[in-house]
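Reading through the structure tokens given below for one structure.
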Amino acid sequence: MTDSSTSSAVTPSGLGTAEPRDYFALMKPRVMSLVVFTAWVGLFVAPGSLSLPLAAASILCIAVGAGASGALNMWWEAETDALMSRTKTRPIPAGKLSRDSALGFGVILSAFSVLGLAMASNYFAAAFLAFTILFYAVFYTMWLKRATPQNIVIGGAAGAFPPMVGYAAVTGNITWDSVILFLITFMWTPPHFWALALYKTIDYDKAGIPMMPNVAGAKSTRLQIFLYSLVLAAVCALPLFTGLGGPLYGVVALLLNGGFVFLAYRVWQSRAGERPVDHDEASLYEVKAGDKAARNLFAFSLFYLFAMFVAIAAEHALKLYG
């Protein structure tokens, strides 16, 4: 007899009563949306052009590849996800899908995305997409995430590759501009995720994942967040020297990075991630209040990356149609 908590779960073969939305959730749509947007910007600003149908097909394939990475990640981390408040409602720990179905879904999507991109654009971009999926699903998820507190720094490359893939879909190669798009996302990733980790330390303790606050401590993490924000601001000046960015981008980048550095400084000066020294209510409240600085930076960082890439796309549009 099947109880209500597992009535919608699929069988080990991957067939069952799971709904389409459960499979869609495996693709991490919120994360995928930002990845797809940065990939589109890479494709849009690349020299050369694709026809509208081929460009749309290329972005679709990159989106599917990003979703495949998410599904494979959830397949591997199902047990860990069940331990964390942030992830315990995902389809597998919630009993809506089996791990086998998630694996099969991820593998099928991976093959479809790579083959589709090869047909829509070129073999180099397709190979780059395949490498990105493998990097995230195997190198990062299966090994790096539990091997070192630098997991986000190194593994962040997986989330920074999509704009390069989009760029390569048009050009078939890598240029300095595509590397700059990569670097902006790459340097953004550590302060973005460590801000989250500061107020989710207990979750990572439960899961046994060596995130920076759990290993190096909250104080060290807060300082690193601030230092990375300074490096990020410097990297964001690079488009002004290559022609990727112009006056509009310069103003937007100045304002956004000013805000990012300010919020990172607030995190550095806060008690975000600190554990209460005892069970005194005042101490507990002070620590929770300190976490607000980390939450504010995390929330702003999502808007920040989107707005930075909007500025890059807008600058290119002005050059084309201005």
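The values are calculated or read from the model by the stated rules, or taken from the named source; none is laboratory data. Please read these numbers as outputs of a predicted model, since none were measured by experiment. For neighbour counting, all protein chains shown are included, and Cβ atoms are generated from backbone atoms with ideal geometry for every residue, glycine included.
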Some residue of region 148-157 being part of a helix (DSSP H, G or I) and crowded, with 23+ Cβ neighbours inside 10 Å: no
Test: residue in region 115-134 that is without any contact (Cβ under 8 Å) to a residue 12 or more places away in the chain, touching a helix residue (DSSP H, G or I) at 6+ places or on another chain (Cβ under 7 Å) and not in a loop (DSSP other than H, G, I, E, B): yes
Some residue of region 171-183 being in contact with a Phe, Trp or Tyr (Cβ under 6 Å, 6 or more places away or on another chain) and either in contact (Cβ under 8 Å) with a residue 12 or more places away in the chain or not assigned by TED's automatic domain parsing to the domain that holds Leu54 (or both): yes
Pairs, first closer than 16 Å to Ala94 by Cβ in region 9-33, second hydroxyl-bearing (Ser, Thr, Tyr) and at pLDDT 90 or above, C-beta under 6 Å, six or more apart: Val10/Ser98; Val10/Ser101
Filter pass, Leu97 being surrounded by 18 or more Cβ atoms within 10 Å (Cβ to Cβ), touching a helix residue (DSSP H, G or I) at 6+ places or on another chain (Cβ under 9 Å) and part of a loop (DSSP other than H, G, I, E, B): yes
Selection from region 75-94 of residues that are in a helix (DSSP H, G or I), within 22 Å of Gly156 (Cβ to Cβ) and among the acidic types (Asp, Glu): Asp81
Set Leu144, Leu196, Leu223, Leu230: member being in a helix (DSSP H, G or I), without any contact (Cβ under 8 Å) to a residue 12 or more places away in the chain and farther than 18 Å from Val41 by Cβ: Leu144
